[in-house]
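Everything on this sheet refers to the single structure shown next.
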Amino acid sequence: MTRIDLFRQHLTEKRAVKIIAGIDNFDIENIKKVVRAAEQSHASAVDICAKEEIVSEIRNMTEMPIFVSSIVPEELARAVELGADAIELGNFDVLYKKGISFSADEVLNLVNRTLDLLGDNRVFFSVTVPGELAIADQINLARKLETMGIDLIQTEGHFSADNQADGVRGLMERAELTLSNTIELSRNIDLPIMTATGINPTTAPFAFAAGASAIGCGSCINKMDSELSMIATATNLVEIASRNAQKVVELV
């Protein structure tokens, strides 16, 4: 069994948990803490930036499946050469804050360029569908990605912190768009879906209920100062995912 086979198995069982260090997180000490939290919680995979020295260092420290995220095809292809088990074109949410947005055609062009660069060196390929697109455009894009042989669709939201409510209501508001996108996409495509943006122990059960086979969890872990807290939160998320898998088995 290869490293990515573990993630594939969890995906099939609808209990995959990807712990995200961050596409723009170049703090190697923080990234190492996130990776250790992912390992100790028995998460399905960890997601890191595409900086070469970071990819190499993290590959050397762990045998768990590593996703590398970028919007630059050349970086993704290089990450595969350095030992990445999977690539993620996307995690666009952080870029929206810089005024950068992506059309469906731009995403398809980036995917095609990445596939060309990979050639026969094909790995597990996940693509984020931009949460800002109209839902009809998201569905159309996801269907095209499906025909191209993409392995996983990641949903996202685009949330402004302005006027965010306190407590649970605020957490739900942050996840509302990605959850609704998950519902719509899960009804219209056969590819497995990973729900990301605003996913934490409070919102994770709703992601699985919306039709997700996986969750991508970043800021609820990588923003923590304490590694112990990171491990505790990641463990909670894995337990939530495992309970979802059990429910799926009981319904079969």
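Of the cross-linked pairs Lys33/Lys247; Lys14/Lys247; Lys14/Lys51; Lys33/Lys97; Lys33/Lys223, those separated by over 20 Å at the C-alpha level are Lys33/Lys247; Lys14/Lys51; Lys33/Lys97.
Once every DSSP H run of n ≥ 4 in the chain is given -39500 (n - 2.57) and the sum is divided by its residues, what mean residue ellipticity at 222 nm do you get, rounded to the nearest 500 deg cm²/dmol?
Here the helix-only value at 222 nm equals -16000 deg cm²/dmol.
In the chain, a dipole from Cβ-located charges (positive for Lys and Arg, negative for Asp and Glu) runs towards its positive end, and of Ala207, Ile135, Val123 it is Ala207 whose Cα lies farthest in that direction. Among rounded, prolate and oblate, which fits the chain when a ≥ b ≥ c are the square roots of the eigenvalues of its C-alpha gyration tensor, a/c under 1.5 means rounded, and a/b larger than b/c means prolate? It comes out rounded by the Cα gyration axes.
Taking the number of Cβ atoms within 10 Å of each Cβ as an exposure proxy, the fewest-first ranking of Ser101, Ser41 is Ser101, Ser41.
Quote the charge dipole size of the chain about the Cα centre in Debye, to the nearest 20; the model charges only the Cβ of Lys and Arg (+1) and of Asp and Glu (-1). Could the numbers behind the result be given before it?
Details: 23 positive and 36 negative charges, 111 e Å.
Charge dipole, the chain, about its Cα centre: 540 debye, nearest 20.
Kirkwood hydrodynamic radius computed over the stretch 19-164 comes to 15.7 Å, based on all pairs of distinct alpha carbons.
Contact order for the chain, expressed relative to its length and based on alpha carbon pairs under 8 Å spaced 6+ residues apart, stands at 22 percent. The length gained by stretching the chain between His42 and Ser180 to full extension, at 0.36 nm per residue less their Cα-Cα distance, is 46.9 nm. Residue by residue, the stretch 217-229 carries 3J(HN,Hα) couplings of 10, x, 5, 5, 10, 6, 8, 6, 7, 8, 5, 4, 5 Hz when phi is fed to the Karplus relation 6.51 cos²θ - 1.76 cosθ + 1.60 (θ = phi - 60°); x denotes Gly or Pro.
Any read-out appearing in this document is the output of simple, stated calculations on the displayed coordinates, not a laboratory observation. Quantities reported herein were computed from a predicted structural model and do not represent experimental measurements. Virtual Cβ from ideal backbone geometry, glycine too; neighbours counted across all protein chains shown.
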